[in-house]
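Just so it is clear, none of the values below were taken in a lab; they were calculated from the coordinates. If you're wondering where the values come from, they're calculated on a predicted model, not measured in any experiment. We place every Cβ from the backbone using ideal geometry, glycine too, and count neighbours over all the protein chains shown.
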Amino acid sequence: MSRNASLPFELGGPQDGRGEAEILLYSTVDGRPVAVADHWYRRWHNSWDSEANARRMMARHTVTMVKLPQSYPRMTVKLRGGGAWSAVTSVLGGVGAALDPVNALLGGIQQKLFSPQTVDLTLGHPPFDEKFEIVATDPDVARSLLGPLLVEEQASGRAPTWTIQGSDLYTLQGSSPIVPEEIPARLSALLRVADLLGH
């Protein structure tokens, strides 16, 4: 266990703070390095006043990670929609953009210039496409990693949503703090994703 550790990737987008893991538990399972972290970061949001930085929202998650043997371009498999909170932040972001269009435009330009370009994908498999969306910087690599076995695991609900960034495969589950009793099931599910990448 270590405290106040930096994770090797950003959980939010390029506009968000990198954050810290207050507690990081790590080990090796079935030959793969794994970790679970109680992680927080400050999320940027559109604002029209000069104190926007001081009022960023704090996001907290339990992060489960598996180190992969090779590196891949960033990609995410997430549930469609995003739920009520996504709708709220979308509305608030729209209000901020409407009241401060110059800064909203500059923020959009900055994100396009400095963040990796991503595309949204579908696989042509309705049970999967209706539930999940894929955001990837390299569509061909993403399609090669999402083979029939992994797609079926996702569509049936047996696999969590996940992100790959470099050699790190991770998933966010709810809020922190870590619930020790949940660690084995979460690690097992993410290790299953790691085993099925490309199959």
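Summary table below
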item	result
Contour minus Cα-Cα distance for residue 183 and residue 30 (0.36 nm per residue)	53.6 nm
Sites residue 152 and residue 3 - FRET efficiency at Förster radius 35 Å, r taken between beta-carbons, to 0.05	0.35
